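The values are calculated or read from the model by the stated rules, or taken from the named source; none is laboratory data. All of these numbers come straight from a predicted model, not from anything done at the bench. We place every Cβ from the backbone using ideal geometry, glycine too, and count neighbours over all the protein chains shown.
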């Protein structure tokens with residue numbers, strides 16, 4: 001199939017409600033049929049999406065014109081808030097999915113994992129497609145997780161939890177290893193420590209005014225050094241990331257549909273409605289009002305054509 005640019009496709013937000021006791025949702029079986037051949041929009045989630053292709057082939061499109069080929073037997077990993085869509089080559093493809101809320105999962109685990117969840121809110125660096133020959137450890141963990149969900153033997157939730165924590169740690173390790181090409185392991189570990197300090201502050205104070213000078217001071221490094229490290233680790237500038245995170249949070253508030261747009265602008269750190277509208281248009285390719293009308297107040301198109309389970313069918317608008 002010919003590649004198609006996805007950089008300016010409309011975006012939609014598909015959130016899930018994760019149980020606090022076990023923040024994982026599994027949609028299994030051969031009813032998840034992907035019938036999209038040409039992507040017309042992208043979507044993003046509030047959790048990690050782990051997919052398993054049961055049949056067919058195609059490409060997963062991202063938000064920066066990139067695409068990743070997949071085929072039967074491949075796994076996919078999409079980080080929270082990362083725009084994407086799967087398209088098939090010739091025939092509809094069959095998938096099954098797991099969704100994981102990384103913050104709830106890893107903070108609950110403890111043992112030094114309480115800040116590891118932040119890694120998953122950095123624009124994705126890992127390969128989206130996981131194949132056994134390229135990433136045997138990731139492939140092993142994911143295949144065991146799907147197996148546990150299918151079999152549901154005694155203690156399966158505890159086993160899944162442990163496997164997911166191990167999967168998260170391995171993905172973080174791979175990212176650190178890849179980053180070492182630009183410096184020593186010690187230097188990269190320090191860089192990630194500094195940036196996670198900044199990310200923690202952004203996540204907790206995104207509704208307030210945040211200056212780059214303040215972030216660098218909290219990391220105890222110069223502003224120029226902070227900007228350089230942030231782009232090296234995250235891939236975009238600190239200001240771009242703050243705006244990106246605020247708009248994604250605004251999408252969730254619009255989804256809840258409990259406040260007017262001007263209040264949502266204030267709740268996500270914007271001091272003027274015009275600035276909020278401009279940033280929202282830039283990132284979502286739609287105005288906040290238009291987004292609410294087009295994506296929330298009328299049925300959406302969806303690549304899932306059928307799911308014959310009345311208990312969970314409501315999760316997607318078919």
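Structural remarks
- Matching residues, region 217-230, being outside any loop (DSSP other than H, G, I, E, B), over 26 Å from the mean Cα position of the chain (by Cα) and free of Cβ contacts under 8 Å to residues at least 12 places away in the same chain: 217, 223, 224, 225
- Any hit, region 106-128, residues being part of a strand (DSSP E or B) and within 18 Å of the chain's Cα centre (by Cα): no
- Scanning region 134-158 for residues that are free of Cβ contacts under 8 Å to residues at least 12 places away in the same chain and more than 16 Å from residue 53 (Cα to Cα) turns up 134, 136, 151, 152, 153, 154, 155, 156, 158.
- Selection count where residues are surrounded by fewer than 19 Cβ atoms within 10 Å (Cβ to Cβ), within 16 Å of residue 279 (Cα to Cα) and in contact (Cβ under 8 Å) with a residue 24 or more places away in the chain, scope region 250-260: 1
This table checks each residue for (1) modelled with pLDDT of 95 or more; (2) within 19 Å of the chain's Cα centre (by Cα); (3) part of a strand (DSSP E or B).
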residue	(1), (2), (3)
36	no, no, no
50	yes, yes, yes
60	no, yes, yes
68	no, yes, yes
76	yes, yes, yes
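- Of all the criteria given as (1) at pLDDT below 95; (2) surrounded by 12 or more Cβ atoms within 10 Å (Cβ to Cβ), the one not satisfied by residue 147 is (1).
- Residue that is modelled with pLDDT of 90 or more, in a helix (DSSP H, G or I), over 25 Å from residue 127 (Cα atoms) and touching a helix residue (DSSP H, G or I) at 6+ places or on another chain (Cβ under 7 Å), where the choices are 254, 263, 242: 254
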